[in-house]
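Colleague: Take this structure first; my questions come after.
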Amino acid sequence: MQAIEAVNGTITTPKGFKSDGIHTKVKRKRNDLGVIYCDQPVAAAAVYTLNQIQAAPIAVTKEAIQTNGKIQAVVVNSGHANACTGKQGLTDAYEVQEKVAKTFVIQPEDIAVASTGLIGERMKMEKIIPGIEKLEPVATNQGAEQFAQAILTTDTFTKSACVQTMIDGEVVTVAGVAKGSGMIHPNMATMLGFMTTDANISHEALQRVLSNVTDQTYNRITVDGDTSTNDMVLALASAEVDHAELSETHPEWLQFVSAMQAVSESLSKQIARDGEGATKLIEVQVSGAPTDADAGKIAKQIVGSDLVKTAIYGTDANWGRIICAIGYAGVTIDPDTIDIAIGSYDTLLNSEPVMFSEEEVLAYLKGEEITIHVHLHVGEGVGKAWGCDLTYDYVRINAGYRT
């Protein structure tokens, strides 16, 4: 059975999870503090930003997961990133962890911490610490929505996905929620993602799945080429479904991987679509590359090109910018065998220009979802990447981010 979308599914649809979000007044209006809670410690896995400057919550969460591979609660604040805040920032992150432990009567080492927002500002502890006591996680869609709202910064909408598959005849659910709009160029984006599943899987196996899926999804999106100090994707598995423990030797292992991939790809595309100031989602599909990794690298190079992004915004079928990005992606290619299509319209075949209707392509580029196809004809590698157009509003939003 292929993974299918769960109707009205949320991060609390998998068995064993509850969530909540509240407004502590760190931000002017929207929720700014949230929690995902499990009834007991569950298998956990995480991937983190590759930026060498990492926020205090990253260090605290890494330490927690390394303790025993399990997490029972995740607390997230938005409004300030608690990054580049020195020793006090680390102290504050630990204080949040301790407060959650006392409030929910659980162990501090079973608590992950995440933050997102302005870099260089200290946590408003006088608002966050009392706020933790007000969190009341529940296994409802409302609790899930409150959490999804609590993790947003410049996002214009919440981002969630939920799918189900069959393992050993039992329904297994994988769900996720994410935030991200600007400073998006993962190898890990101000991007936070949280995934839940009721599958029975070890910390080690879950880590392998998450790491592999991340390379194919979260690490294939770009909005502006900036890698944040706070990026993190955290996956939790409650083992509430009665099936044989999942590993690479399980006959239905790939079904679980497919479900994780589906949720991650959906969240990745939603983040790309919500790029600051964006009006269009751009998907680049590359085939015929030497390897899958090469295809993904070229796809991300194209979708990350400012010249390609501005051409899409301006509804300009400028395929010259696309082939230029291919050439400097650092992948071995044959310059004489490249095909490029914008939507269903061929613009280049075997590196020779093709006549096409400017009016028809213009009409296509006015849509909200644009696909660029590239075939290199040098191998069997395939890959995708996602991004958005670059608009005047991106400059406006970021020019006044602190003001």
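Colleague: From the Cα gyration tensor of segment 1-160, with a ≥ b ≥ c the square roots of its eigenvalues, which class applies: rounded if a/c is under 1.5, or else prolate if a/b is larger than b/c, or else oblate?
Modeller: Here segment 1-160 falls in the rounded category.
Colleague: To the nearest 20 debye, what charge dipole does segment 266-403 have about its Cα centre, counting +1 at the Cβ of each Lys and Arg and -1 at the Cβ of each Asp and Glu?
Modeller: That gives segment 266-403 a dipole magnitude of about 660 debye.
Colleague: Pairs of Cα atoms under 8 Å, at least six residues apart: use those to get the relative contact order of segment 23-75, whole percent.
Modeller: 46
Colleague: Something else now. Indicate the gyration tensor shape class of segment 201-332 (rounded, prolate or oblate), computed on the Cα atoms with a ≥ b ≥ c the square roots of the eigenvalues: a/c under 1.5 is rounded; otherwise a/b larger than b/c is prolate and the rest oblate.
Modeller: In terms of gyration-tensor shape, prolate.
Colleague: OK, next. Find which of 332, 55, 232 sits farthest along the positive direction of the dipole of the chain, computed with +1 on the beta-carbon of Lys and Arg, -1 on that of Asp and Glu, about the Cα centre.
Modeller: Comparing the listed Cα positions along the dipole, 55 ranks first.
Colleague: Restricting to Cα pairs below 8 Å that are 6+ residues apart, what does the relative contact order work out to for segment 47-156? Please round to a whole percent.
Modeller: Taking the mean separation of contacting Cα pairs over the length of segment 47-156, I get 33 percent.
Colleague: How are the Cα pair distances of segment 95-220 distributed, in percent, across 10 Å bins from 0?
Modeller: Once binned at 10 Å, the Cα pair distances of segment 95-220 give 10, 33, 40, 16, 1, 0.
Colleague: Further question on the same structure: Using the Cα gyration tensor of segment 22-71, with a ≥ b ≥ c the square roots of its eigenvalues, what is the shape: rounded (a/c below 1.5), prolate (a/b larger than b/c) or oblate (neither)?
Modeller: Oblate is the answer for segment 22-71, as a/c is 1.5 or above yet b/c matches or exceeds a/b.
Colleague: In segment 243-349, carbon and sulfur make up what percent of the accessible area (probe 1.4 Å)?
Modeller: Here carbon and sulfur together make up 52 percent of the probe-accessible area.
Colleague: About the Cα centre of the chain, what is the dipole size in debye to 20, counting +1 per Lys and Arg Cβ and -1 per Asp and Glu Cβ, all else neutral?
Modeller: In debye, rounded to 20, the chain gives about 1720.
Colleague: Can you give me the C-alpha center-to-center distance between segment 328-403 and segment 246-287, rounded to a whole angstrom?
Modeller: Between the Cα centre of segment 328-403 and that of segment 246-287, the gap is 19 Å.
Colleague: Going by average Cβ density within 10 Å per residue, which order do the peptides 24-32, 377-385 take, highest to lowest?
Modeller: Packing proxy ranking, top to bottom: 377-385, 24-32.
Colleague: Which whole-angstrom value gives the distance between the alpha carbon centres of segment 1-59 and segment 84-131?
Modeller: Measuring centre to centre over Cα atoms gives 15 Å.
Colleague: Could you sort the peptides 232-239, 112-119, 87-94 by per-residue average Cβ neighbour count (10 Å cutoff), highest mean leading?
Modeller: Most protected by this proxy first, the peptides run 232-239, 112-119, 87-94.
Colleague: Another one. Averaging sequence separations of C-alpha pairs under 8 Å and six or more residues apart, then dividing by the length of segment 269-341, give the relative contact order as a whole percent.
Modeller: It comes to 25 percent, rounded to a whole number.
Colleague: Same structure again: If the reach is capped at under 12 angstrom between alpha carbons, list the aspartates and glutamates near residue 300, excluding any in the same chain fewer than eight residues apart.
Modeller: Once the sequence-local aspartates and glutamates are set aside, what remains near residue 300 is 215, 224, 283.
Colleague: Using the Cα centre of the chain as origin and beta-carbon charges of +1 (Lys, Arg) and -1 (Asp, Glu), tell me which of 278, 93, 293 is placed farthest towards the positive end of the dipole.
Modeller: Checking the options against the dipole of the chain, the answer is 93.
Colleague: Helix-derived [θ] at 222 nm for the chain: sum -39500 (n - 2.57) over DSSP H runs of at least 4, divide by residue count, nearest 500?
Modeller: It comes out at -10000 deg cm²/dmol, rounded to the nearest 500.
Colleague: Can you bin every Cα-Cα distance in the chain into 20 Å intervals starting at zero and give me the percent of pairs per bin, rounded to whole numbers?
Modeller: All Cα pairs, binned at 20 Å, distribute as 28, 54, 17, 0 percent.
Colleague: Give 179/280; 87/127; 134/280; 25/280; 179/384; 127/179 a once-over and call out the pairs whose C-alpha atoms are over 27 Å from each other.
Modeller: 134/280; 25/280
Colleague: Please work out, to two decimal places, the log10 of the ratio I(q)/I(0) at q = 0.11, 0.15, 0.21 Å⁻¹ from a Debye calculation in which every Cα of segment 315-400 carries one identical scatterer.
Modeller: Debye output, listed in q order: -0.37, -0.65, -1.08.
The values are calculated or read from the model by the stated rules, or taken from the named source; none is laboratory data. This is a predicted model, so every value here is computed, not measured. Using ideal geometry, Cβ is built from the backbone for each residue, glycine included, and neighbour counts are taken over all protein chains shown. Only protein heavy atoms, including side chains, enter the accessible area calculation; ligands, DNA and RNA are left aside. Shrake-Rupley method; radii C 1.70, N 1.55, O 1.52, S 1.80 Å.
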